[in-house]
Amino acid sequence: MPERKPRTRSAASGAVDPSAGIAADPGPGAAQSNGPSPERPSRVVIENVRPEVDQGRFPAKTVVGDTFVVEADVYCDGHDMISADLLYKAADDRAWKRVPMIALYNDRWRSAFVVRQQTAYTYTIEGWIDRFLTWRTDFLKRIDAGHDIAVDLQIGASIVREAAEGAPAKDAEFLRNAAARIGGKTGVKGRIEAALDPTLHVRMRGVAGQRRRYMRDLRARADGFRAAFSTWYELFPRSTAAIEGEHGTFRDVERRLKYVAEMGFDVLYLPPIHPIGRTKRKGANNTVKAKPGDPGSPWAIGSKEGGHKDINPELGTLADFKRLVNKARQKGIEVALDIAFQCSPDHPYVKEHPEWFIWRPDGTVQYAENPPKKYEDIYPFNFETEDWQALWQELLSIFLYWVEQGVRIFRVDNPHTKPFRFWEWLIGEVDKRDPGVIFLAEAFTRPRIMHHLAKLGFTQSYTYFTWRNDKQGLIDYFTELTQTPVADFYRPNAWPNTPDILHEYLQHGGRSAFVARLVLAATLSANYGMYGPAFELMEATPREPGSEEYLHSEKYQLRHWDFNRPDSLRDLITLVNRARHDNTALQSNRGLRFLPIDNGQLIAYARQTQDASNVVIVVVNLDTQWMQSGWLNLPLADWGIADDEQYQVHDLLSDARYIWQGPNNFVQLDPGVMSAHVFRLRRRKAAGWEFK
């Protein structure tokens, strides 16, 4: 075993400080007091703010162009009226912007602002006892009751006059004049009109006295649109050659770009493109010993040709890769790279930095294991190494290198097996240099860990969607992802299959299962992807019974796909993705509502924009064998449709159009024909139909 040489680094030498920029929250009660504050305490309580991720420790997520909604409970003792403002500012703003909050119910308040920049935002809430609003509310009641209001007018004038004393010059004169009119000797009608002047109400709100600020300023991270809405297609470049048996190249992938673009995908995700190790190389179907010509697993990274910053020469050159990135971008597609922090035994790091790995007593390096599985072709990094700072810096440099080559999206392999603080630091460092880089966390693990990775900075996250195949499971899971505080920081990316996961629903369900899972993934989540062409060609044979591994998996061998096979789902995928791009309701995870339907094998839901200007209704038959039917109940009143009004539903998959009336309508789906409806709602307008 090589001798470890401990290294020391001073702060001046560029050492990694994993806690840099992370301020600890002392929490309530941290400051002790022996008596009342010299400043009069506020009677206002502000609590239960949403979004607030872990008491402000992490930012909430939003996107440019979105309406960022903030809610809180704001109340006080007694019967006084209160008012509240939402305060916010972008990273470069010096002054706070204010937006009045609106009372909802049970002391719940809400406000919002439009996100204009791709940057960090800060926001908080202020509340105060609104003396003028309290007086004005009582004053209106007294007028309605026919009471003598002479004294009340004097009280109102006094409140306005006091406000003028501490108001800015631009408001002070207006308020003094208003106080004079309210408390003057003119007719009562004129004094009442002066007291109820809407402009006075606004000015008085702006010069409110003692305000209570929420205990902390909160943060939001605004990303670009593709962070919230993206459509991924995974492709192994080595399986794209025109001639069976040949190793595909980046130039071959270029020739597939038209195919990918025509189906409506905007992210092309490539598994690792680096040199593949030869020591302990795996053979076809994950056999322990490779045969001559077996290409090995792309995730066994590193050989004499290089490591994580190098390209497998069988795929082409760096110039070829950069050309592919540019060609894809011309078609509206971003190339996403897989980053897997692990090494083959042949990786240069193993010789150059033995201290970055775990050495066993017999002098060998600890390979990856998940008993009973052994991955002898892969060495994991030892993040507990004494040389951790150098390791962190080198791994950061891998991301920065590929960003320099034009890559803006990364799918990160197994991030849950690396330290949390490492990811928070690394993603923050990348963001400093190039805001807008997208990180997808491939972490199929326990929920709290998946959630924490999202909080730390991962832009999108894989989900349990692959294993949610029953109706109640889907309803419960997507309700959690879209309608609970999880939605404030976790952006789901739903995949019906991956190179590692062939669920039994697809193994046994036939074509109808693939159709159902496609529609569910694409319409339940604003971000979704598929591993193709295995998906559109309905690859469904497992390596052995009970396994989720594919037989003849591309992870271990070259495959030759007939992209033009007549039974391909290519045309249907194109229609589904077109529906996503044409309907803004499908481009956000907000606005999902599950709908009542009286059949346990049919799942129904609506996706709508905030103003209901775009409504999409989806019905999916989860039974892969038998026709199912049921009565669907629609919330027409929420969409501004009367029960006696006719409206049209346009099926975007079949192009059929139906005229419905009333909330209850009959649907029937035969899996032998089509397993799903994706309806766009239209309302009658004059002689035509208005888009809804």
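The values are calculated or read from the model by the stated rules, or taken from the named source; none is laboratory data. Just so you know, these numbers come straight off a predicted model, no measurement behind them. Glycine also receives a Cβ, built like all others from the backbone with ideal geometry; neighbour counts cover every protein chain displayed. When the accessible area is computed, the model is the full protein with side chains, heavy atoms only, and any ligands, DNA or RNA have been set aside. Shrake-Rupley method; radii C 1.70, N 1.55, O 1.52, S 1.80 Å.
A few remarks follow.
- Condition check for Phe514: at pLDDT 95 or above, in contact with a Lys or Arg (Cβ under 6 Å, 6 or more places away or on another chain) and aromatic (Phe, Trp, Tyr): no
- Criterion violated by Ser512 - all others in (1) closer than 21 Å to Val53 by Cβ; (2) of a type in the set (Ser, Thr, Tyr); (3) surrounded by 18 or more Cβ atoms within 10 Å (Cβ to Cβ) satisfied: (1)
- Single residue of Ala112, Ala103 found to be open to solvent by 40 Å² or more (accessible area, probe 1.4 Å), at pLDDT 95 or above and hydrophobic (A, V, I, L, M, F, W, C): Ala103
- Considering (1) open to solvent by 10 Å² or more (accessible area, probe 1.4 Å); (2) among the hydrophobic types (A, V, I, L, M, F, W, C); (3) touching a Leu at 6+ places or on another chain (Cβ under 7 Å), the lone condition that Ile358 does not fulfil carries the number (3).
- So Tyr88, is it among the hydroxyl-bearing types (Ser, Thr, Tyr), under 27 Å from Trp135 (Cβ atoms) and at pLDDT 95 or above: no
- Candidates Gln342, Gln389, filtered to the one that is under 23 Å from Lys282 (Cβ atoms) and crowded, with 18+ Cβ neighbours inside 10 Å: Gln342
- For the stretch 308-331, the criterion of being among the small types (Gly, Ala, Ser), open to solvent by 60 Å² or more (accessible area, probe 1.4 Å) and over 32 Å from the mean Cα position of the chain (by Cα) is satisfied by at least one residue.
- Counted residues, the stretch 498-538 - those being closer than 19 Å to Phe229 by Cα, part of a helix (DSSP H, G or I) and hydroxyl-bearing (Ser, Thr, Tyr): 1
- The criterion of being open to solvent by 20 Å² or more (accessible area, probe 1.4 Å), without any contact (Cβ under 8 Å) to a residue 40 or more places away in the chain and either of a type in the set (Ser, Thr, Tyr) or on the phi > 0 side of the Ramachandran plot (or both) does not hold for Thr479.
- The single condition among (1) under 25 Å from Pro492 (Cα atoms); (2) among the hydroxyl-bearing types (Ser, Thr, Tyr); (3) touching a Ser or Thr at 6+ places or on another chain (Cβ under 8 Å) that Thr574 does not meet is (3).
- Remark: Phe478 falls outside the filter, which requires a residue to be over 17 Å from the mean Cα position of the chain (by Cα) and aromatic (Phe, Trp, Tyr).
- Meets criteria (farther than 25 Å from Ser230 by Cα, β-branched (Val, Ile, Thr) and modelled with pLDDT of 95 or more) for Thr541: yes
- Checking each residue in the stretch 399-413 for being surrounded by fewer than 18 Cβ atoms within 10 Å (Cβ to Cβ) and of a type in the set (Val, Ile, Thr) picks out only Val403.
- Residue list for the stretch 262-318, filter: outside any loop (DSSP other than H, G, I, E, B) and in contact with a strand residue (DSSP E or B) (Cβ under 8 Å, 6 or more places away or on another chain): Val267, Leu268, Tyr269, Leu270, Ile276, Ile301, Ser303
- Against the numbered list (1) open to solvent by less than 80 Å² (accessible area, probe 1.4 Å); (2) without any contact (Cβ under 8 Å) to a residue 24 or more places away in the chain; (3) more than 18 Å from Thr137 (Cα to Cα), Ala179 comes up short only at (3).
- Count of the stretch 482-497 residues, restricted to those that are in a helix (DSSP H, G or I) and in contact (Cβ under 8 Å) with a residue 60 or more places away in the chain, is 5.
- When Leu218 is tested against the conditions (1) surrounded by 15 or more Cβ atoms within 10 Å (Cβ to Cβ); (2) in contact (Cβ under 8 Å) with a residue 24 or more places away in the chain; (3) under 16 Å from Arg161 (Cα atoms), the lone failure is (3).
- For Pro435, the conditions (1) touching a helix residue (DSSP H, G or I) at 6+ places or on another chain (Cβ under 7 Å); (2) open to solvent by 20 Å² or more (accessible area, probe 1.4 Å); (3) over 25 Å from Asp571 (Cα atoms); (4) in contact (Cβ under 8 Å) with a residue 40 or more places away in the chain all hold with the exception of (1).
- Checking each residue in the stretch 185-202 for being without any contact (Cβ under 8 Å) to a residue 24 or more places away in the chain and open to solvent by less than 60 Å² (accessible area, probe 1.4 Å) picks out Gly187, Gly190, Ala194, Asp197.
- Residues that are without any contact (Cβ under 8 Å) to a residue 40 or more places away in the chain and out of contact with any helix residue (DSSP H, G or I) (no Cβ under 8 Å at 6 or more places or on another chain) were ranked within the stretch 398-418; the one that is farthest from Phe225 (Cα to Cα) is Thr417.
- Complete set of residues in the stretch 319-352 that are closer than 17 Å to Trp388 by Cα, touching a residue at least 24 places away in the same chain (Cβ under 8 Å) and assigned to a helix (DSSP H, G or I): Tyr349, Val350
- Of all residues in the stretch 590-615, those satisfying the criterion of being within 24 Å of Asp488 (Cβ to Cβ) and either modelled with pLDDT of 95 or more or not charged (D, E, K, R) (or both) are Gly591, Leu592, Arg593, Phe594, Tyr605, Ala606, Arg607, Gln608, Thr609, Gln610, Ala612, Asn614.
- Taking the stretch 169-186 as the range and being over 15 Å from Val151 (Cα atoms) and touching a helix residue (DSSP H, G or I) at 6+ places or on another chain (Cβ under 7 Å) as the test, the residues that pass are Asp171, Ala172, Phe174, Leu175, Arg176, Ala178.
- Wholly within the stretch 54-147, strands (runs of 3 or more DSSP E) carrying at least 2 residues that are of a type in the set (D, E, K, R): 67-76, 82-90, 97-100, 108-114
- Where a residue in the stretch 605-620 is in contact (Cβ under 8 Å) with a residue 12 or more places away in the chain and its partner, wherever it lies, is among the aromatic types (Phe, Trp, Tyr), with Cβ under 6 Å and at least six apart: Tyr605/Phe594; Ala612/Trp639; Val615/Trp639; Ile617/Phe679; Val618/Tyr605
- The stretch 528-575 - residue that is within 30 Å of the chain's Cα centre (by Cα) and among the basic types (Lys, Arg) and, of those, nearest to Gly509 (Cα to Cα): Arg570
- The number of residues in the stretch 230-261 being part of a loop (DSSP other than H, G, I, E, B) and of a type in the set (Asp, Glu) comes to 2.
- Qualifying residue in the stretch 328-337 (condition: touching a helix residue (DSSP H, G or I) at 6+ places or on another chain (Cβ under 9 Å) and among the basic types (Lys, Arg)): yes
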